[in-house]
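Working notes for the structure below.
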Amino acid sequence: MLKEKVKATVDRVEEGLAVVYSDVDESIYYVPVDKVPELREGLKVTLTIVDGEVSEVDIMEEETENAKERLTKLMQKLVERFKEKEKEEE
């Protein structure tokens with residue numbers, strides 16, 4: 001029995017499946033939403049993979065919040081740069 005833990009991010013939920021991308025490689029996992037109904041886009045999770053199948057999903061709330069904060073800061077920087085460029089062009 002091969003068992004591993006994978007840190008990943010929920011990309012989207014479609015047709016009853018959460019599409020989850022590994023944070024360390026190009027792997028994609030599909031998790032039935034009825035198995036973990038609280039899965040939603042953007043969540044950071046740890047998947048337990050047993051023999052190639054997802055057997056457990058742990059939601060990492062703190063990591064999810066940290067990622068949201070980083071994205072918010074990046075978006076703010078982009079908006080500021082855009083505004084600066086607009087002023088330069090006037």
For the range 1-58, name all the residues that are closer than 25 Å to E69 by Cα, touching a Lys or Arg at 6+ places or on another chain (Cβ under 9 Å) and among the hydroxyl-bearing types (S, T, Y).
T9, S22, T46
Being farther than 29 Å from M1 by Cα, in the same structural domain as A8 (by TED's automatic domain parsing) and modelled with pLDDT under 95 narrows it down to one of R40, R70, so name that one.
R40
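The values are calculated or read from the model by the stated rules, or taken from the named source; none is laboratory data. Source: prediction; values computed, not measured. Neighbour counts run over all protein chains shown; Cβ positions are idealised from the backbone, glycine included.
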